[in-house]
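Nothing in this text is a laboratory measurement; each read-out follows from the coordinates by a stated rule. Source: prediction; values computed, not measured. When we count neighbours, we look across all protein chains shown, and the Cβ atoms used for this are built from the backbone with ideal geometry, even at glycine.
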Amino acid sequence: MGKPLAGIRVLEVASHVFVPIGGAVLTEWGAEVIKVEHPETGDPYRSLVTAGLHTLHDGIDPSFQFTNRGKRSVAIDLKHPEGRAILYRLVRECDVFLTNMRPQARRRLQIDVDRIRAENPAIIYVRGSGYGPRGPDAETAGYDATGYWSRAGLAAAFTPPGAERPTMQRPAFGDVVGGLTIAGAISTALYQRLATGEAPVVDVSLLAMGMWQLQPDITHAPLQAGAPPRAYDRRATWNPISGAYRTRDGRFLQLNMLDADNYWPDLCRVIGHPELIDDPRFVDMAARKANAAACVDRLDEIFAGRDFDDWRAVLQAAKGAWAPMLTPLEVHADEQVRANGYLAPVEMANGGSLALVPAPVQFDERSAQPVRAPELGEHTEAVLLDLGIAWDEIAALKEAGAIG
């Protein structure tokens, strides 16, 4: 079986993470993604190494690798008329145009919807933005820390009441899930074009992504207007066997046994305390809720009596849902991760290897195998030759500064 998007060509004029990582997902699904970069500066995300925000490992920037895996890089100066002419020739050969440039920049570079559609009326035009295509902030720059984490309400939701500073997200936290959404949206748009002959304009914003993820809170917020924010109290829980417990060596285990009456007797036996099954304080969900503090305290004492690895072995016999809280480094050695191919070694240009996380979708039970990200302009000549441009014309374009 071939990859589901084999034969699809995507032209990407985008930078940083949110939209480019969507293109990276498409490469693993079989699409050819041509990344257009400025001949001298490239994607500004490359320069974050120079700014000290990214760290090189044996000459490799892991962040650029996971964001741009599998693409072909073509160095074109879109401010140069001959460079734009090359871009338009590429547009005629592609199924999707993918960008996260703001409206003003798209107009200035003459790559807005109408101009691209003039070259290829059947192309699917995809825009990623901070805040959406309409409204007072349509031209406003947006990163996931601003549009997704802060403005959509996630920072407020994850910051404990009374905290001196807000809780901050991890790097590219909203970008990566936003990119996956973009990839899914493109797949749907391709189906729409096939079924109806219509090529849609697709919009995905970081603000919309953040609101989508926080929708339980957002939906309930007007219904609870005026209620003061409440600090989480794990000892006042309705279900003591849905929560985190600390082990003797300072690690944590997450229990998530929602149908608690079904799982309480089994858990008590597995952890070696069958006497708790019929304890009147804990005998059913109503009793455990009424005596939540005592139940949590007792479980705290029990889990504090053994080390993390010991409990992992013991809880294998439990019928209810639970999981160890792993560090990112421990994920690399997780047997379940390895069995499903959720990490893939990728050969780098320097001959080394970097473990990347494939797109979290598998087709026909096959693990994806990512390919390294391109060097700046690595495929310029090859892509232009595929367009039918002769070597002497390529040389002239280089001389004119239209390409790199």
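If every alpha-carbon in segment 234-327 counts as one equal scatterer, what log10 I(q)/I(0) does Debye give at q = 0.18, 0.19, 0.21, 0.26 1/Å? Results for segment 234-327 at q = 0.18, 0.19, 0.21, 0.26 Å⁻¹ read -0.74, -0.83, -1.03, -1.60.
Here is the P(r) of segment 108-251: all C-alpha pair distances, binned every 10 Å from 0, give 10, 26, 30, 18, 11, 5, 0 in whole percents. Sparsely packed loop sites in segment 179-259 (the chymotrypsin sites (Phe, Trp or Tyr not before Pro) outside DSSP H, G, I, E and B with at most 15 other Cβ atoms within 10 Å) comprise Tyr232, Trp238. Listed by chain and number, the aspartates and glutamates whose alpha-carbon sits under 15 Å from that of Lys319, ignoring those within fewer than 8 places in the same chain, are Asp259, Asp261, Asp266. Each listed q (0.16, 0.23, 0.24 Å⁻¹) maps to a log10 I(q)/I(0) for segment 209-255, found by the Debye formula over equal Cα scatterers with no solvent: -0.72, -0.94, -0.96. Filter the trypsin sites (Lys or Arg not before Pro) in segment 289-380 to those in DSSP coil with at most 15 other Cβ atoms within 10 Å of their Cβ, and list the result. Here the sparse-neighbourhood loop sites are Lys319.
Summary of the geometry: segment 102-127 and segment 144-216, compared by the centres of their Cα atoms, lie 23 Å apart. Give the relative contact order (percent, whole number) for the chain; include only Cα pairs under 8 Å separated by 6+ residues. Value for the chain: 19 percent.
Long hydrophobic helices in the chain, taken as whole DSSP H segments with a C-alpha length of 18 Å or more on their own axis and mean Kyte-Doolittle hydropathy at least 0.0: 173-196. Kindly provide the Kirkwood hydrodynamic radius of segment 1-93 in Å, to one decimal, from all pairs of distinct alpha carbon atoms. Mean inverse Cα-Cα distance, inverted, gives 14.1 Å. Could you list log10 I(q)/I(0) for segment 164-213 at q = 0.22, 0.26 Å⁻¹, which the Debye formula gives when each Cα is one point scatterer? Each listed q corresponds, in turn, to -0.83, -0.97. By the Kirkwood approach, averaging reciprocal distances over each pair of separate Cα atoms, the chain gets a hydrodynamic radius of 24.4 Å.
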